1. How would Arg89, Arg249, Arg65 rank on accessible area, largest to smallest, probe 1.4 Å?
2. Report the antiparallel proportion of the DSSP beta bridges in the chain as a percent, rounded to a multiple of 5.
3. For the modelled label position 7 Å from the Cα of Met20 along Cα-to-Cβ, which residues of region 43-60 have backbone nitrogen atoms closer than 17 Å?
4. What does DSSP give for region 161-257 in terms of the percent of beta bridges that are antiparallel, rounded to the nearest 5?
5. Determine how large the accessible area of His206 is when every protein chain is in place; take a 1.4 Å probe and give Å² rounded to the nearest 10.
6. Could you give me D for the chain, from Stokes-Einstein at 10 °C and 1.306 mPa s, where the hydrodynamic radius is the Kirkwood radius over C-alpha pairs? Units µm² s⁻¹, please.
7. Suppose the Debye formula is applied to equal point scatterers at every Cα of region 153-206; what is log10 I(q)/I(0) at q = 0.13, 0.14, 0.15 Å⁻¹?
8. Membrane-span-like helices in the chain: DSSP H runs reaching 15 Å or more (Cα, own axis), mean Kyte hydropathy at least 0.0?
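The values are calculated or read from the model by the stated rules, or taken from the named source; none is laboratory data. None of the values given here were measured: they were computed from a predicted structure. Cβ placement follows ideal geometry from the backbone for every residue including glycine, while neighbour counts extend to all protein chains displayed. When the accessible area is computed, the model is the full protein with side chains, heavy atoms only, and any ligands, DNA or RNA have been set aside. Shrake-Rupley method; radii C 1.70, N 1.55, O 1.52, S 1.80 Å.
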Amino acid sequence: MTPTLKIDGLKLGFKTHAGMIEVLHGISLHIRKGERVALVGESGSGKSVTARIVLGMLQQLKTARISGGIEFEGRDLQRMSARERHALRGTSMSMIFQDPTSSLNPVYTVGALFQEVLSRAHSGMSAGDMRKMAIEALSDVAIGEPERVLDSYAFQLSGGMNQRVMIAMALANNPSLLLADEPGTALDVTVQAQTLKLMSALVEKHHTSVLFISHNLGVVREFADRVYVIYKGNIVEQGPTAALFDDPRHPYTRALLSAVPRITGGGIPDIDDGVADFLAPLVAHEGFSEKELLA
Ligand SMILES: Nc1ncnc2c1ncn2[C@@H]1O[C@H](COP(=O)(O)OP(=O)(O)OP(=O)(O)O)[C@@H](O)[C@H]1O
Ligand SMILES: [Mg+2]
């Protein structure tokens, strides 16, 4: 079966005043349909630029030099026009960023932003039908008062609610690939954990393929089926999550793993543990009802 994403020998350099800076040195990775793949590595190793190339956003940059193969659902991205790549964004592939509040345009209501996203995949759909779809999408991410949220601006909502709005928008058009670049790391850890659980349930339901970028190996362990470790623009190790965590081969992977704090054993806190402290902030600030959380 054709993989959702296949990157082959991808190289990236930037032209600067001081000459060329080589950032990616020929990385290869693939994501099968419905697979959740994590890309982990230290700051500056080349994680975000990889996602931006897949989204077709670096191709327009005059200073970027890109070579190698990138196939999305069997189609060669590099041979597509900027217009064709643009048409894929927000429809067949979408992205969730680190800081939801600053990523949502502050001059439009959530409802208007939703309409813009939905109209990319459903041209000709009535405003009323789009609103219905948006309400459903917000309900899917456990937003209790979707009507109120649709009429709000991002700055009127909490960070955790904005994160869920962003997840709902990113998945609204049922993309085959979701790129999640350090999702929610700007949030409180408990809120981040809860929103990741929601995202996880939704991508599972829709068989969405995911490229999950993170430096939090605890979260990666919970979320990903397979992991690629990137170090200074090279993939130094890859494998199924459990195998890689149990028996890391590359010294850099070992170093990364040894840096994981072991306060709680890592990973996403499980709400079934009944930790009252974990639920309290979600109920107080994030608009979850206790019933939703304990369901
Ligand atoms: N537009 C650009 N021009 C020049 N260099 C760039 C540009 N964008 C990224 N880089 C460089 O490419 C390298 C990789 O950046 P990237 O943002 O992918 O890192 P990252 O792995 O996502 O790190 P972090 O974990 O901090 O987000 C960095 O050295 C960065 O400075
Ligand atoms: Mg980054």
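1. Descending order: Arg249, Arg65, Arg89.
2. DSSP beta bridges in the chain are roughly 60 percent antiparallel.
3. Under 17 Å, as judged by backbone N against the label point of Met20, lie 59 of region 43-60.
4. Expressed as a percentage, antiparallel bridges in region 161-257 total about 55.
5. 70 Å²
6. Working: Rh = 20.0 Å.
In µm²/s, the coefficient is 79.
7. Summing over Cα pairs of region 153-206 leads to -0.30, -0.35, -0.40.
8. Within the chain the helices that satisfy the rule are 110-121, 159-172, 189-206.
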